[in-house]
Amino acid sequence: MASDKNAASPFSIQREQLLGAFIHAGLLRTPAIIRAMREVARENFLPPSMRPHAWEDNALPVGHGATLSAPHMYAMMLEAAELKEGQRCLEIGTGSGYGAALMAKLVDKKGSVYSVELVEELADFAKRNLAENGFGNVRVICVDGKAGYPPFSPYARILITAECAAAVPAALFEQLAEGGFLLAPVREHAGGVAILKLYQKSAGRISLLSDLGPVLFVPLR
Ligand code: SAH
């Protein structure tokens with residue numbers, strides 16, 4: 001895909017510094033994830049005014065109330081979710097399309113990524129970003145993600161990139177494949193903080209595998 005072109009981009013020094021720091025800190029460990037973060041040009045998923053900040057470790061606004069999460073957040077989510085080649089995956093909250101592009105790299109051509117976005121302008125922004133960066137195979141659907149996306153369920157992995165108030169919507173657990181992982185920021189108590197949680201379905205039941213710590217996401221509306 002765009003890997004060679006990307007290696008020569010003016011962002012490459014900043015990118016390698018940041019990813020190198022994540023590797024050094026043990027936040028990035030899996031070669032396929034390191035490769036994906038290297039090859040997906042984060043700068044290309046941002047509005048022009050935000051691009052100079054693409055490889056700073058900050059969340060950045062992309063308009064219409066959406067934020068592209070900080071690079072360390074994607075490193076953390078992808079290391080926890082263990083996406084594998086060939087899997088069918090679902091993302092809730094497409095935003096810029098950057099997260100969906102990383103997922104597409106990891107599941108590769110044999111896999112598929114569906115991403116659901118509530119705001120039409122953002123769905124269009126993401127579709128454009130994905131197409132221009134060679135990710136035409138990611139399907140962006142403009143619907144309410146609380147209902148998931150039943151047509152291609154079950155999904156081996158579901159990543160929710162907006163904060164769930166109280167609990168993960170039941171439809172999303174229903175659409176998770178047997179043995180599959182679901183990752184979501186959940187604010188269990190009003191006024192409390194959201195915790196990134198990793199769940200697994202086994203024998204039809206959902207169990208919490210781990211709490212990955214406090215996180216900040218825009219709300220799932
Ligand atoms: N993963 C994105 C960032 C997500 S920001 C990226 O890589 O850029 C959270 C997104 O969730 C926003 O775009 C917001 O519009 C969307 N969102 C909020 N509530 C939603 C809902 N009910 N269904 C689908 N998308 C929703």
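For the chain, what is the mean residue ellipticity at 222 nm derived from helices alone (per DSSP H run of n ≥ 4: -39500 (n - 2.57); sum divided by total residues; nearest 500 deg cm²/dmol)?
-9000 deg cm²/dmol
Among K197, K146, K84, what's the order by accessible area (1.4 angstrom probe), most exposed first?
On the way: K197 10, K146 75, K84 100 Å².
The ranking, largest first, comes out as K84, K146, K197.
Where does each of 148-157, 50-59, 72-81, 89-98 land if you order them by average Cβ count within 10 Å, highest first?
Values: 148-157: 18.2, 50-59: 15.7, 72-81: 20.6, 89-98: 28.0.
Ranking, from highest mean packing down: 89-98, 72-81, 148-157, 50-59.
Got the relative contact order for segment 1-93 handy, in percent, Cα pairs under 8 Å and 6 or more residues apart?
Values: 74 pairs, mean separation 23.4, N = 93.
Answer for segment 1-93 is 25 percent.
Rounded if a/c is under 1.5, else prolate if a/b is larger than b/c, else oblate: which is segment 80-221, with a ≥ b ≥ c the root eigenvalues of its Cα gyration tensor?
Details: a/c = 1.74, a/b = 1.25, b/c = 1.40.
Oblate shape, in that a/c is at least 1.5 and b/c is the bigger or equal ratio.
How much accessible area per residue does the chain have, in Å², with a 1.4 Å probe? Can you show the working numbers first?
On the way: 9950 Å² over 221 residues.
Result: 45 Å² per residue.
Of the options W55, A203, L102, report the single residue whose Cα projects farthest towards the positive end of the charge dipole of the chain (beta-carbon charges: Lys, Arg +1; Asp, Glu -1).
A203
What share of the DSSP beta bridges in the chain is antiparallel, in percent to the nearest 5? Before the final figure, lay out the partial values.
On the way: 17 of 36 bridges.
Around 45 percent of the beta bridges assigned by DSSP in the chain are antiparallel ones.
Straight-line reach from K110: which aspartates and glutamates fall under 13 Å, measuring Cα to Cα and dropping same-chain residues less than 8 apart?
Once the sequence-local aspartates and glutamates are set aside, what remains near K110 is E85.
Among DSSP beta bridges lying fully in segment 44-156, give the percent that are antiparallel, nearest 5. Intermediate values should be presented prior to the final figure.
Numbers: 3 of 11 bridges.
Restricted to segment 44-156, the bridges split so that about 25 percent are antiparallel.
As a quick test, which of the pairs K84/K201; K84/K105; K84/K109; K109/K197; K146/K197 have an alpha carbon distance above 19 angstrom in this structure?
Working: K84/K201 17 Å; K84/K105 10 Å; K84/K109 11 Å; K109/K197 28 Å; K146/K197 17 Å.
In this structure, K109/K197 lie more than 19 Å apart at Cα.
Pick from Q17, Q175, Q87: which residue has the top mean-square fluctuation in a GNM of the chain where Cα pairs under 10 Å get a spring?
Among Q17, Q175, Q87, the largest mean-square fluctuation in the Gaussian network model of the chain belongs to Q17.
What shape does segment 33-140 take by its C-alpha gyration tensor, where a ≥ b ≥ c are the square roots of the eigenvalues and a/c under 1.5 counts as rounded, a/b above b/c as prolate, and the rest as oblate?
Taking the square roots of the gyration eigenvalues as a ≥ b ≥ c, segment 33-140 is oblate.
Let me spell out the model: positive unit charges on the Cβ of Lys and Arg, negative unit charges on the Cβ of Asp and Glu, origin at the Cα centre of the chain. What dipole size does that give, in debye rounded to 20? Please report the intermediate quantities before stating the final value.
Details: 22 positive and 22 negative charges, 80 e Å.
My answer is approximately 380 debye.
Give me the aspartates and glutamates in straight-line cross-link reach of K127: C-alpha distance below 15 Å, same-chain residues under 8 apart excluded.
Reachable aspartates and glutamates: E91, E117.
The values are calculated or read from the model by the stated rules, or taken from the named source; none is laboratory data. What you see is a predicted model, and the numbers here were worked out from it, not measured in a lab. Don't worry about glycine lacking a Cβ; one is built from the backbone with ideal geometry, like all the others, and counts go over all protein chains shown. With ligands, DNA and RNA removed, areas are computed over all heavy atoms of the protein, side chains included. Shrake-Rupley method; radii C 1.70, N 1.55, O 1.52, S 1.80 Å.
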